[in-house]
1. Can you go through Glu217, Glu187, Glu232 and tell me which one is assigned to a helix (DSSP H, G or I), acidic (Asp, Glu) and more than 26 Å from the chain's Cα centre (by Cα)?
2. Go through (1) of a type outside the set (Val, Ile, Thr); (2) touching an Asp or Glu at 6+ places or on another chain (Cβ under 8 Å); (3) open to solvent by less than 40 Å² (accessible area, probe 1.4 Å); (4) touching a residue at least 60 places away in the same chain (Cβ under 8 Å) for Gly147 and report which single condition fails.
3. Would you call Leu465 surrounded by 18 or more Cβ atoms within 10 Å (Cβ to Cβ) and closer than 24 Å to Ala155 by Cβ?
4. Checking the structure you have, find out if any residue of the range 146-153 is at pLDDT below 90, assigned to a loop (DSSP other than H, G, I, E, B) and touching a strand residue (DSSP E or B) at 6+ places or on another chain (Cβ under 8 Å).
5. Here is a check on your reading of the model: is Ala163 aliphatic (A, V, I, L, M) and either open to solvent by 50 Å² or more (accessible area, probe 1.4 Å) or modelled with pLDDT of 95 or more (or both)?
6. Only one of these is within 21 Å of Ala331 (Cα to Cα) and assigned to a loop (DSSP other than H, G, I, E, B): Pro472, Pro468. Name it.
7. Among the residues of the range 85-138 satisfying the criterion of being assigned to a loop (DSSP other than H, G, I, E, B) and of a type in the set (Ser, Thr, Tyr), which is farthest from Ala34 (Cα to Cα)?
8. Take the range 326-351 and flag every residue that is of a type outside the set (A, V, I, L, M, F, W, C) and at pLDDT 75 or above.
Amino acid sequence: MSTPLRFEILGEVRVWRDGVALSLGPAKQQAVLAVLLLQAGRPVPTHQIVDAVWGDEPPENGANVVQKYVAGLRRALEPDRAPRTPGELLALTGSGYVLRAEGGVDADEFQAALARAEAEQAAGRLTEAAMTLRGALALWRGEALAGLTGPVFEAARARLADARATAWERWAETGIVQGRAATILPELGRLIEEFPMREGLRVQRMLALHQVGRQAEALAAYRDAREFFLDEVGAEPGDRMQAAHLMILRNDVPVSPAMPPPPAPAPVTPPMPGPGLMPISVPAAPPIYFPPGRGGSVALEIIGALAASLFTCGSLAWVYFLYVGIRRRQAAALAAAAFYFLLFSVGFIFFFVIDPYGSVDSEELTTQDNIGIFYFGGVMVVAAAHGLFLAARSDGHRLRERARQFAMFNPDRAREIGVGRPDVPLRLIQDGGLIDLNQLGAQELARVTKLPAPQCAEIERDRQLRGPFYRPEDLTIRGLVDARAVRKLADRLICLPPGPAPAPAAWPPRWSAGAG
């Protein structure tokens, strides 16, 4: 019996047999393998493979192309298989292709190690937990799914990176509890640069600085973190960081003795600081207020949109649409920029370069001149009206983006105040009309998304059976909504975790895309 293959995606996609890396063929063939590995052991329909690998530009005969690449993978993975016999490792079922990764996938091993370390930490076996976490982190060879592009791979890469950051946070927490603050401080500085939005890493650095007697630097680290989060997401640090700040101010954290493992986190109670010391209660956070974004107010954007058209006779109208397309990641705005640039270029060439009828000596307006005035005036008015429409809608986009950033920074608080819940009256936040796929029922989901009611009922049923969604594009991955409809709604969809401390999933293939 041949040695089981080992599959790796925490870096470039690789497959090993007896310590030798296999040749996996062309890039698209490797992408097909990566899609199957993200759902190892489960059938993947052909149309999902096509959507993941080719996105908006699928080949004409997508099923045939996938079949060709699967045949190439079978030759690489099962070289001893007789021709025209069914594959064993990569099999075709009634529901799609399924890859049986019996030798293991490094991403699955990583997730299993995180769960094992959590159990060891809860049991007080901190040394074992720290070693397990470092072993899990050693599985990473670089950026996950390196070299593969497309929304599905970008989403999976982002989620795996988030799980990696979680592992580093747990490792740092274990080090603090063991009293090894001095040894982990240099690593924490590097990790904060790599994961600037992770509040947990900043909290551990504050506690580590205080544990080694550098209280002033710990308080400075809090001030820097507070300024960073106010600037980036317009919100104060979360309860955990504020509790750590209060403990440091009161000198409640022991400086040298090892700290016992913290209890299970509660919404308003920080970890136990040490024997004989009482936890500090943190008052409930106030309603969320988002200060104006750095991009300026809606009024300023309206002025800019009108100025680009009216003050330049339409010649620079395309500049505003280019700005909107880049800033909001809207293909429609970029297309509008190209359209208005083309209109102006054609008019300029025809009326000012060619101009076969005009005369520089004539003081009267010719028919050509009148047509030119009407042409450029029309372009100016249409572009101004179009720009005014886009600028007036910018406030909703800005609110959605800032609400998303806040939810990423503090998901528990975002869920508490109703981010993505248009069904909740008198919410404490303006989120620009976000829709949380993990909270809304089928009826409300159908109302706000305009998707058919039976389809929304299937979404709710799938969420109950298979667990929460991690990104809007999970709707496509699970075969619930086609990719085009998801892209149309992506600007308004959000997926908040359903509980205060969800365990990271083994493979949540997620992606984000801006929509108009």
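1. Exactly one residue qualifies, and that residue is Glu217.
2. Checking Gly147 against (1) of a type outside the set (Val, Ile, Thr); (2) touching an Asp or Glu at 6+ places or on another chain (Cβ under 8 Å); (3) open to solvent by less than 40 Å² (accessible area, probe 1.4 Å); (4) touching a residue at least 60 places away in the same chain (Cβ under 8 Å), the one that fails is (3).
3. On the way: surrounded by 18 or more Cβ atoms within 10 Å (Cβ to Cβ): no; closer than 24 Å to Ala155 by Cβ: yes.
Here the answer is no, as Leu465 does not meet what is asked.
4. Narrowing the range 146-153 to residues at pLDDT below 90: 150-152.
If we keep only those that are assigned to a loop (DSSP other than H, G, I, E, B) as well, we get 150.
Remaining after also requiring touching a strand residue (DSSP E or B) at 6+ places or on another chain (Cβ under 8 Å): none.
No: the range 146-153 contains no residue that is at pLDDT below 90, assigned to a loop (DSSP other than H, G, I, E, B) and touching a strand residue (DSSP E or B) at 6+ places or on another chain (Cβ under 8 Å).
5. Working: aliphatic (A, V, I, L, M): yes; either open to solvent by 50 Å² or more (accessible area, probe 1.4 Å) or modelled with pLDDT of 95 or more (or both): no.
When the stated conditions are applied, Ala163 does not pass them.
6. Numbers: Pro468 fails: within 21 Å of Ala331 (Cα to Cα).
Result of the check over Pro472, Pro468: Pro472.
7. First pass over the range 85-138, keeping only residues assigned to a loop (DSSP other than H, G, I, E, B): 85-89, 94-95, 100-104, 123-125, 138.
Remaining after also requiring of a type in the set (Ser, Thr, Tyr): 85, 95.
Numbers: Thr85: 23, Ser95: 18 Å.
Checked the range 85-138; the qualifying residue farthest from Ala34 (Cα to Cα) is Thr85.
8. Looking only at the range 326-351, we keep the residues that are of a type outside the set (A, V, I, L, M, F, W, C), and these are 327-330, 340, 345, 347.
If the condition is that a residue be of a type outside the set (A, V, I, L, M, F, W, C) and at pLDDT 75 or above, then Tyr340, Ser345, Gly347 are the ones that fit.
The values are calculated or read from the model by the stated rules, or taken from the named source; none is laboratory data. None of the values given here were measured: they were computed from a predicted structure. Cβ sites come from the backbone with ideal geometry, for glycine too, and all protein chains shown count toward neighbours. Each accessible area value is taken on the protein alone, full model and side chains, heavy atoms only, with ligands, DNA and RNA left out. Shrake-Rupley method; radii C 1.70, N 1.55, O 1.52, S 1.80 Å.
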